[in-house]
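Asker: Please see the structure below; I have some questions.
The values are calculated or read from the model by the stated rules, or taken from the named source; none is laboratory data. Given the structure is predicted, the values throughout are model-derived calculations rather than measurements. We place every Cβ from the backbone using ideal geometry, glycine too, and count neighbours over all the protein chains shown.
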Amino acid sequence: MKVSQSILSLSLVLFGLGTVAAPQGVSIALAIPSGTPTPSLEFVEATKEEPETKEDGISSNSSSLGSPPPVLEIAFSKLKNIYRRYIADELVDRGWSKKCNFGKVMVRKEWGTMSQSQRKKYTDAVKCLYNRPSQSDPVLVPGARNRLDDFVATHLTFSNNIHFNGYVFAWHRHFTYLYDQELRNECGYSGPTPYWDWVIDNADPRRSTVFDGSEFSMGGNGETIPHGNTSINAFGITLSLPPGTGGGCVTEGPFTDLVINLGLSPNVSAPDQNQTAPPDVTSHYLAPFADAFKGDTTAAVQKRQNDVPPEILQGLNYNPRCMTRDINLQWAALATTTALARILSCGNVRCLEQRIDGWEEGASDEQQARDQLHGGGHFTIGGLNNDPFASPGDPVFFLHHANLDRLWTIWQSQNPTARLYEVGGTRTPFNNPPSDNVRETDVLRYGVVGKDIIMRDVGSTLDGPYCYVYA
Ligand SMILES: [Cu+2]
């Protein structure tokens, strides 16, 4: 029967996720934790092609020399196995009775497991997107020139409402989905939705299929430009990020013609060769406009327009420049299956969203730094991806966020009854200022890239608007 064959053909792979909590106004230097494990080559090779995992979840590579202690690695394999079984059982149980079924389900794939032709088709579709016209109101977003800019403008505008709070997973799940739909509906893409598994090639992402700079990659590192720390001031905190291995424009791969129009990072995006310490990448503060999610469309939108901080408005202006990256090996090394297993051991979604963003209440500073693999992925890429507002201007943003979504999905599958529609956390970044808990009826907004949707409707990747699983 077709159904079970499809089930068997779901060959699922696994794995991985970056810090920053500090009270408003506090400046913290984000050091890589001391003693950061450097994965051995054996370990990296082993994770490239994951060995068949036995039914008890014990990975056959867990005893190879140089591997980290096996306990958490086994734990992550088990989590993935449980996810696989959940997907298979759920799809069999529902048969053809639901809108999302075996005939419809789409399988999202790790970038490196897609064929070269599929990867090329994907980047061609992205190029199509940035060659299509913007639908933004030029009064609200004067800098938007193409459809990709519309996605950047949406993320930029709502950034203070959707990070380090109870909306982070839900808002980004739907944002990633809307982008994927746009590629399919407007640009003819029909292949798998890709994700970037950070664990693969975590010793040096420049060698990965994602960043190797070939025509089948998502583009290479930025040109090497000596530079100092990058300072980010957002969500009421200040970060100082050490330099990576690039810093300049991306000059290899499919996106060398991509012009970044929006955002606030001219100094990072086109750094002066002589400049050893670029000024702040961006300077923002938390604005009290979390009301934008409370459901009264007209009033909320009006309020947003009235309350958008001047720095965000500035980011909506036309500021054309190249796309920059600055691949950072220290951040990359933090993304291990061990780290993932710890993050996914959370018992509730509030823990999960805090842990993966490095601000779990009660955790040590060093532990927070190790856990924060969401920011860590952004900081691994660097350049435009260090900008918490304009980062979707780099198309690899969506592969990073698909991987975050995958981890949320694996976590949910451990206890679907309790976790699929669980909401937790509050409405303001770092709960500062203190705010109400999010509710499943809260409305998520997407400007000109998608209709409003409520939290409850984004809980399951097999229901609501969605029908996808992760391989
Ligand atoms: Cu974001």
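Asker: Determine whether LEU79 is away from the ligand (no atom under 15 Å from the Cβ) and either in a strand (DSSP E or B) or under 25 Å from THR337 (Cα atoms) (or both).
Answerer: On the way: away from the ligand (no atom under 15 Å from the Cβ): yes; either in a strand (DSSP E or B) or under 25 Å from THR337 (Cα atoms) (or both): yes.
So LEU79 fits the description; yes.
Asker: Right, here's the next one. Find the residue count for the range 169-197, including only residues that are within 16 Å of the ligand (Cβ to nearest atom) and not in a strand (DSSP E or B).
Answerer: Initial filter on the range 169-197 (within 16 Å of the ligand (Cβ to nearest atom)): 169-180, 195-196.
From what's left, not in a strand (DSSP E or B): 169-180, 196.
Number satisfying all stated conditions: 13.
Asker: Let me ask something else about it. For residues in the range 344-395 being within 13 Å of the ligand (Cβ to nearest atom) and among the charged types (D, E, K, R), which is nearest to TYR83 (Cα to Cα)?
Answerer: My answer is GLU353.
Asker: In the set GLY166, GLY222, GLY244, which member is away from the ligand (no atom under 16 Å from the Cβ), buried (at least 24 other Cβ atoms within 10 Å of the Cβ) and within 28 Å of LEU313 (Cβ to Cβ)? Please lay out each step first, then the result.
Answerer: Working: GLY166 fails: away from the ligand (no atom under 16 Å from the Cβ); GLY244 fails: within 28 Å of LEU313 (Cβ to Cβ).
Criteria check complete, one pass: GLY222.
Asker: Can you tell me which residue in the range 137-155 is nearest to the ligand (Cβ to nearest atom), limited to those that are surrounded by 23 or more Cβ atoms within 10 Å (Cβ to Cβ) and of a type in the set (Gly, Ala, Ser)?
Answerer: The qualifying residue nearest to the ligand (Cβ to nearest atom) is ALA153.
Asker: Would you mention how many residues in the range 224-256 are at pLDDT 95 or above and either among the basic types (Lys, Arg) or assigned to a strand (DSSP E or B) (or both)?
Answerer: 1
Asker: If you go through the range 422-438 one residue at a time, how many are among the charged types (D, E, K, R) and in contact with a strand residue (DSSP E or B) (Cβ under 9 Å, 6 or more places away or on another chain)?
Answerer: Counting residues in the range 422-438 that are among the charged types (D, E, K, R) and in contact with a strand residue (DSSP E or B) (Cβ under 9 Å, 6 or more places away or on another chain) gives 2.
Asker: Looking at (1) over 30 Å from THR338 (Cβ atoms); (2) within 16 Å of the ligand (Cβ to nearest atom); (3) at pLDDT 95 or above, which is the only condition PHE158 fails?
Answerer: Every condition holds for PHE158 apart from (3).
Asker: Which one of ASP463, ASP452 is within 27 Å of PRO192 (Cα to Cα), of a type in the set (Asp, Glu), more than 16 Å from the ligand (Cβ to nearest atom) and touching a Leu at 6+ places or on another chain (Cβ under 7 Å)? Quick ask: steps written out before the conclusion?
Answerer: Values: ASP463 fails: touching a Leu at 6+ places or on another chain (Cβ under 7 Å).
Just one listed residue meets the conditions, ASP452.
Asker: In the range 337-358, how many are under 23 Å from GLY383 (Cα atoms) and touching a Phe, Trp or Tyr at 6+ places or on another chain (Cβ under 8 Å)?
Answerer: Total satisfying the criteria: 1.
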